[in-house]
Amino acid sequence: ETHPFPDKWYNNDTPVLSWQKPPGITDFSYVLDDKPFTIPDNIGETKETTVSFPDANEGLQYFHLKPMKNGIWGGTTHFLIKIDTTPPIEFQPSIEVLTAAVISHKALISFFTTDALSGVDHYEVGVIKKSDPVSISPVFLEATSPYQLPTSVYGDVRVIVRAFDKAGNVRDEMVDVTPPPLVSSGIPDE
């Protein structure tokens with residue numbers, strides 16, 4: 001019910017599994033572990049067709065189920081569950097003001113992180129003025145590194161880089177951008 005697709009990662013560590021009960025089945029034996037071909041013992045755990053596992057381990061978990069009919073244990077069915085509740089690794093975005101472009105206000109934000117289990121899916125970037133109230137939330141756009149800061153928002157701003165892993169966990173990191181001082185043209189003002 002909670003982890004229906006074996007090729008997809010989920011950030012829920014309490015899987016709930018359901019299955020069909022064919023006619024004549026009187027008992028089920030099951031186990032959840034990290035081995036792909038475990039055979040459950042010949043002791044009936046339930047007559048029901050739903051089971052949940054609170055606080056299941058992260059990573060690849062396998063649900064193994066075998067039925068009993070007419071006092072004889074049948075074959076085992078195996079089902080893969082992928083669990084990742086940990087966000088991507090902490091990282092520090094960096095800023096580089098392009099020196100040849102100080103007058104045109106071009107800055108690049110670079111970022112990179114990893115995720116131990118499901119892997120990084122994508123990044124989003126939001127920009128907000130540091131003078132705005134904390135209740136203001138930026139608009140996030142999907143982005144790749146390096147991200148060129150739009151000239152329309154260049155100034156005393158905070159850039160928030162949001163990293164998503166393939167299970168939907170999120171890690172936010174920030175970098176403040178302060179404009180460099182204007183370069184003098186060498187021509188005196190009159």
- Query: Label-point separation (nm) for residue 173 and residue 129, each offset 7 Å from Cα along Cα-to-Cβ?
  - Reply: 2.8 nm
- Item | Heavy-atom accessible surface of the chain: percent carbon and sulfur, 1.4 Å | 55 percent
- Query: Nearest 0.05, what FRET efficiency do residue 95 and residue 8 give at R0 = 35 Å with Cβ-Cβ as r?
  - Reply: 0.50
- What is the total of Lys pairs in the chain with C-alpha atoms under 22 Å apart, excluding same-chain pairs fewer than 8 positions apart? 14
- Message: Among 163-176, 135-148, how do they line up by average Cβ neighbours within 10 Å per residue, starting with the highest?
- Response: 163-176, 135-148
- Note on the structure: Probe 1.4 Å, heavy atoms of protein chains only: per residue, the accessible area of the chain in Å² is 60 Å²
- Query: For the stretch 107-117, in order, what is each residue's ³J(HN,Hα) by Karplus, 6.51 cos²θ - 1.76 cosθ + 1.60 with θ = phi - 60°, in whole Hz (x at glycine and Pro)?
  - Reply: 9, 10, 10, 10, 7, 6, 8, 10, 9, 5, 9
- Message: Taking amide H atoms as placed 1.01 Å from N in the peptide plane, list the residues 5 or more away in sequence, or in a different chain, whose amide H sits under 5 Å from that of residue 177.
- Response: 157, 158, 159
- Query: For the chain, what is the charge dipole size about the Cα centre, in debye to the nearest 20, if Lys and Arg each add +1 at the Cβ and Asp and Glu each add -1 at the Cβ?
  - Reply: 580 debye
- Message: Which GluC sites (Glu not before Pro) in the stretch 8-95 sit in a loop by DSSP (not H, G, I, E or B) and have at most 12 other Cβ atoms within 10 Å of their own Cβ?
- Response: 48, 90
- Quick calc: nm separation of the 7 Å Cα→Cβ label points for residue 37 and residue 78 -> 0.6 nm
- Query: Among rounded, prolate and oblate, which fits the chain when a ≥ b ≥ c are the square roots of the eigenvalues of its C-alpha gyration tensor, a/c under 1.5 means rounded, and a/b larger than b/c means prolate?
  - Reply: prolate
- Where both partners of a DSSP beta bridge lie in the chain, what percent of those bridges are antiparallel, to the nearest 5? 95 percent
- Query: For the stretch 1-110, which chymotrypsin sites (Phe, Trp or Tyr not before Pro) are both in a DSSP coil and crowded by at most 12 other Cβ atoms within 10 Å?
  - Reply: 37
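The values are calculated or read from the model by the stated rules, or taken from the named source; none is laboratory data. Note that the coordinates shown come from a computational prediction; the quantities given were computed from them, not determined experimentally. Positions of Cβ are backbone-derived with ideal geometry, glycine not excepted, and every protein chain shown enters the neighbour counts. The area values use the complete protein model at the heavy-atom level, side chains included, leaving out ligands, DNA and RNA. Shrake-Rupley method; radii C 1.70, N 1.55, O 1.52, S 1.80 Å.
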